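In what follows, a single structure is set out as structure tokens and then discussed.
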Amino acid sequence: MRTILVVASETLTGGPLLERARAEAADGDLRVVLCVPRRSTTHGNFTYADNVYEAAQVRVDLARGVLREIGIDCIGEVGDPDPYSATIDAIAEYDPELILISTLPEGESGWLANGVVDRVANATQIPVEHIVTERSAGSPFDVTLVVANRTTNSDALIGEIQQLASSEPAGRERLFIFLVPIEGGDDLAAKRARARLTQVVDRAKSQGMPAAGLIGDPDPYTATMNALAFFDVDDIVISTYPQTRSGWLRADLIERVKKSSGLSVDHIVAEPASARAGA
């Protein structure tokens, strides 16, 4: 079985890369190894290593699913933050016959600015191909970022994402990436955030909706801005308690995210369980 190494980040599920992999698979048995370098956070004073790793792992898992749907055997891993080092490590581990490096166009790609493609080509005897992909070119998903913590599993939020999923045009799928900020920032808060994330991703998947997720910075604005740097997002849903109960609303989170992102932001209000029981 031939092995191809694919190195990519934002463009991992882009049409040009998927078509190139499909063309290689047509020539016979093929194993694709995905390498996604970790990316550093761009907002906040601290880097949460789990958050950075999980963002890259979400990309790996999504691409593996897409490739397997078109019949291509695929494995993947999160690599070193430096794309050159990540590629060299993967070459040593998997001994590929071909290396495909996928980037954004010149002027948008930090990898090209740092000469990653040429450096890899000069460091190995293995053929290296550079695939240029425009943002979201041919991606099979429309992506909604869903930001929530205590209201993550509320019926109001689940109902909203069900409506969004059902409104997709034929031939498209909506992918929901759930982001749960670590309220409090300590180990216990991280465990709570992780539990809420697992529950809502499982619930979405059980209803047939493509879903993935990660935990994020304790500050919801910082967490959201970092997630937007990790993923190419089409729109955002933010779920909170009502104004009187929500620190996020008191911090004007909705308007700040709208202004900074330039994206459509849908605000879902979920009542606390105690209020629902009283009603």
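A few points about this structure:
- The range 198-218 - residue that is assigned to a helix (DSSP H, G or I) and touching a helix residue (DSSP H, G or I) at 6+ places or on another chain (Cβ under 9 Å) and, of those, surrounded by the fewest Cβ atoms within 10 Å (Cβ to Cβ): Arg203
- In the range 1-17, the residues that are surrounded by 19 or more Cβ atoms within 10 Å (Cβ to Cβ) and in contact with a Gly (Cβ under 7 Å, 6 or more places away or on another chain): Gly14
- Subset of the range 107-128 (residues that are free of Cβ contacts under 8 Å to residues at least 24 places away in the same chain and surrounded by fewer than 22 Cβ atoms within 10 Å (Cβ to Cβ)): Gly107, Ser109, Gly110, Leu112, Ala113, Gly115, Asp118, Ala121, Asn122, Gln125
- The range 161-185 - residue that is on the phi < 0 side of the Ramachandran plot and part of a loop (DSSP other than H, G, I, E, B) and, of those, surrounded by the most Cβ atoms within 10 Å (Cβ to Cβ): Ile182
- Output for the range 147-163, where each listed residue is farther than 13 Å from Arg196 by Cα and touching a Phe, Trp or Tyr at 6+ places or on another chain (Cβ under 8 Å): Ile161
- Residues located in the range 239-262, provided they are surrounded by 14 or more Cβ atoms within 10 Å (Cβ to Cβ) and over 17 Å from the mean Cα position of the chain (by Cα): Ser239, Thr240, Tyr241, Arg245, Ser246, Trp248, Leu249, Leu253, Ile254, Arg256, Val257, Lys258
- Checking Leu249 against (1) in a helix (DSSP H, G or I); (2) farther than 14 Å from Leu157 by Cβ; (3) free of Cβ contacts under 8 Å to residues at least 40 places away in the same chain; (4) out of contact with any Ser or Thr (no Cβ under 7 Å at 6 or more places or on another chain), the condition it does not meet: (4)
- Asp234 being more than 13 Å from Leu145 (Cα to Cα), surrounded by 15 or more Cβ atoms within 10 Å (Cβ to Cβ) and either modelled with pLDDT under 95 or among the hydroxyl-bearing types (Ser, Thr, Tyr) (or both): no
The values are calculated or read from the model by the stated rules, or taken from the named source; none is laboratory data. No experiment lies behind these values; they were computed from the predicted model shown. Every residue, glycine among them, receives a Cβ derived from its backbone with ideal geometry; neighbour counts consider all protein chains shown.
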